[in-house]
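Read the structure below first, then the notes.
The values are calculated or read from the model by the stated rules, or taken from the named source; none is laboratory data. Model, not experiment: these values are computed from the prediction. Note: ideal-geometry Cβ built from the backbone for every residue, glycine included; neighbour counts use all protein chains shown. In case anyone asks, the SASA skips ligands and DNA or RNA and just uses the protein heavy atoms, side chains included. Shrake-Rupley method; radii C 1.70, N 1.55, O 1.52, S 1.80 Å.
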Amino acid sequence: MSPSSPTPGTNQSWGGRFSEPTDAFVERFTASVGFDQRLALHDIQGSIAHATMLARVGVLTDTERDAIVTGLGEIREEIERGEFQWSVKLEDVHMNIEARLTDKIGITGKKLHTGRSRNDQVATDIRLFLRDEIDVVEAELARLRQGLIELADREADTIMPGFTHLQTAQPVTFGHHLLAWQEMLARDHERLLDCRKRVNVMPLGAAALAGTTYPIDRHVTAELLGFERPAENSLDAVSDRDFAIEFASFASILLMHLSRMSEELVLWTSAQFDFIVLPDRFCTGSSIMPQKKNPDVPELVRGKTGRVYGHLMGLLTLMKSQPLAYNKDNQEDKEPLFDTLDTVRDCLKAFADMVPAIEARKASMYEAARRGFSTATDLADYLVRRGVAFRDAHEIVGQSVAYGLREKKDLSEMSLDELRQFSEVIEDDVFEVLTLEGSVAARNHIGGTAPDQVRAAAQRARDALAAMRDGRP
């Protein structure tokens with residue numbers, strides 16, 4: 001064995017200074033190929049760009065570049081066909097691909113790693129992968145928002161009770177409520193696109209931590225890979241995982257919003273509310289109770305929220321004590337990030353498919369809004385317009401509600417004489433504000449629940465969504 005040959009049984013990429021092979025358990029314990037092979041196509045994408053740049057600056061010949069690019073293309077096809085043989089002994093996705101490339105094209109394959117390290121390579125792979133996944137998530141989020149906007153427009157006149165403390169407060173329209181959900185998602189959409197900007201920075205060329213002595217051109221590589229710019233500092237480039245944490249933070253806020261929506265959907269589908277019907281294809285039954293129709297999709301989304309929260313906390317904890325630059329700890333960033341992506345994408349797809357198919361039980365909503373004295377504030381406002389101080393009006397309405405509870409009558413069901421026993425300023429026109437229709441129509445200002453305002457808000461939301469997707473301010 002020559003002095004430069006690695007010890008038999010050690011990894012060919014780094015075994016030269018080792019005197020004994022890696023323990024079999026340690027080999028399995030430290031390997032990441034079981035999960036980071038998901039980055040394979042992006043690893044090849046980055047390697048092709050790197051080889052192209054090396055040839056452009058004269059580090060590789062055009063012949064060597066062509067051999068590398070052709071070999072990587074063949075490996076990509078093997079992976080896509082499911083024929084690629086992954087090896088734990090080669091630790092990770094990078095060394096598996098490089099070893100296969102060397103098998104295919106010989107010593108030229110060993111030149112691919114010139115001017116880079118696995119540290120900047122994996123950081124680049126993750127960013128390429130996450131950037132593509134963000135685009136998929138963004139499309140699903142836009143589809144959900146579009147579905148909400150259209151449903152809200154259709155339900156602009158549908159009256160339902162609005163709640164505070166889960167107690168009937170004031171009547172609103174179903175369309176107005178749906179647009180409240182849409183506003184949550186609009187903020188999430190902005191956060192996602194903002195996150196993408198910070199993902200789209202290229203670490204490649206930082207090498208292990210200090211850069212490289214080869215005459216590389218990082219701007220060329222960044223352009224080939226579609227990155228906005230190269231990372232500014234080599235130490236930070238290989239050790240930064242803020243972008244993954246930021247995506248997990250976006251995902252946690254998004255899932256919090258989806259969970260809030262899920263909670264309302266679960267309540268509204270119950271017999272006690274009977275506000276909406278979900279299509280059968282989004283529900284399941286009971287193995288023992290044949291009458292059951294369980295809202296499993298929103299329940300499961302609500303449950304998966306905790307899973308995503310856990311990944312955010314895991315990534316924050318992973319990074320909190322790491323000195324610069326790269327540390328092996330960062331191998332643990334991929335599984336929580338991958339699962340967060342999968343969870344977010346699936347939850348959005350489920351909601352984007354389900355929400356437009358929601359059927360409003362309009363009669364049930366209307367009847368529920370009639371109960372609970374939901375127009376009490378309208379009566380107080382009426383009295384104020386008649387010159388009664390608000391605190392006095394509040395007291396008068398409270399007395400009329402107490403009377404209604406004793407008599408089992410809503411305010412709109414009381415006669416004029418019954419209402420006038422609490423205040424003589426009340427006249428026949430009071431019934432215009434005590435109806436549910438009058439109540440919602442009176443909130444006729446931007447942000448209000450009046451049907452005309454809901455339709456106008458839906459159109460503004462459509463326009464804003466289109467502008468966001470077009471990249472317009």
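Is one or more of the residues making up the stretch 350-365 in a helix (DSSP H, G or I), farther than 30 Å from Ser252 by Cα and open to solvent by less than 60 Å² (accessible area, probe 1.4 Å)? Taking every residue of the stretch 350-365 in turn, at least one turns out to be in a helix (DSSP H, G or I), farther than 30 Å from Ser252 by Cα and open to solvent by less than 60 Å² (accessible area, probe 1.4 Å).
Among residues of the stretch 326-340 being of a type in the set (Asp, Glu) and in contact (Cβ under 8 Å) with a residue 60 or more places away in the chain, the one that is most open to solvent (accessible area, probe 1.4 Å) is Glu335.
Rundown of residues vs (1) touching a Cys at 6+ places or on another chain (Cβ under 9 Å); (2) within 30 Å of Gly211 (Cβ to Cβ); (3) at pLDDT below 95, yes/no style:
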| residue | (1), (2), (3) |
| --- | --- |
| Leu254 | yes, no, no |
| Phe275 | no, no, no |
| Pro290 | no, no, yes |
| Val301 | yes, no, no |
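Just to verify a result, which residue in the stretch 337-355, among those that are within 11 Å of the chain's Cα centre (by Cα) and of a type in the set (A, V, I, L, M, F, W, C), is nearest to Ala244 (Cα to Cα)? Filtering first and then ranking leaves Leu341.
Among the residues of the stretch 57-68, the ones that are open to solvent by 50 Å² or more (accessible area, probe 1.4 Å) and closer than 13 Å to Lys110 by Cα come to 1 in all. The residues of the stretch 240-258 include none that are among the polar types (S, T, N, Q) and in contact with a strand residue (DSSP E or B) (Cβ under 9 Å, 6 or more places away or on another chain). Here His189 fits the description: part of a helix (DSSP H, G or I), in contact with a helix residue (DSSP H, G or I) (Cβ under 9 Å, 6 or more places away or on another chain) and under 26 Å from Ala350 (Cβ atoms). Consider the stretch 240-262 and keep the residues that are charged (D, E, K, R) and closer than 19 Å to Gln331 by Cβ. The one that is surrounded by the fewest Cβ atoms within 10 Å (Cβ to Cβ) is Asp242. The residues of the stretch 122-141 that are touching a Gly at 6+ places or on another chain (Cβ under 9 Å) and among the aliphatic types (A, V, I, L, M) amount to a single one, Leu128.
The residues of the stretch 18-54 that are surrounded by 13 or more Cβ atoms within 10 Å (Cβ to Cβ), β-branched (Val, Ile, Thr) and farther than 23 Å from Phe84 by Cα, listed by number, are Thr22, Thr52. Among all positions in the stretch 152-171, there is no residue which is touching a Leu at 6+ places or on another chain (Cβ under 6 Å), in a helix (DSSP H, G or I), over 25 Å from Ala210 (Cα atoms) and not aliphatic (A, V, I, L, M). If you filter the stretch 439-473 down to residues that are farther than 21 Å from Leu144 by Cβ and among the hydrophobic types (A, V, I, L, M, F, W, C), you find that the one that is surrounded by the fewest Cβ atoms within 10 Å (Cβ to Cβ) is Ile446. Considering the stretch 201-223, the residues that are open to solvent by less than 20 Å² (accessible area, probe 1.4 Å) and part of a loop (DSSP other than H, G, I, E, B) include one that is nearest to Val137 (Cα to Cα), namely Pro203. For the stretch 162-180, which residues satisfy the criterion of being under 16 Å from Asp378 (Cα atoms), open to solvent by less than 40 Å² (accessible area, probe 1.4 Å) and not aliphatic (A, V, I, L, M)? If the condition is that a residue be under 16 Å from Asp378 (Cα atoms), open to solvent by less than 40 Å² (accessible area, probe 1.4 Å) and not aliphatic (A, V, I, L, M), then Gly162, Pro171, Thr173 are the ones that fit.
Can you find a residue that is over 24 Å from Met160 (Cα atoms), acidic (Asp, Glu) and not in a loop (DSSP other than H, G, I, E, B) anywhere in the stretch 440-452? No, the conditions are met nowhere in the stretch 440-452. Scanning the stretch 224-239 for residues that are in a loop (DSSP other than H, G, I, E, B) and surrounded by fewer than 22 Cβ atoms within 10 Å (Cβ to Cβ) yields Gly226, Glu228, Glu232, Asn233.
The residues in the stretch 81-115 that are part of a helix (DSSP H, G or I), open to solvent by 20 Å² or more (accessible area, probe 1.4 Å), touching a residue at least 12 places away in the same chain (Cβ under 8 Å) and closer than 16 Å to Ala40 by Cβ can be counted, and the count is 6.
I want to confirm something. Restricting to the stretch 1-35 and keeping residues that are under 30 Å from Pro215 (Cα atoms) and assigned to a helix (DSSP H, G or I), which single residue is modelled with the highest pLDDT? Of everything passing the filter in the stretch 1-35, Arg17 is modelled with the highest pLDDT.
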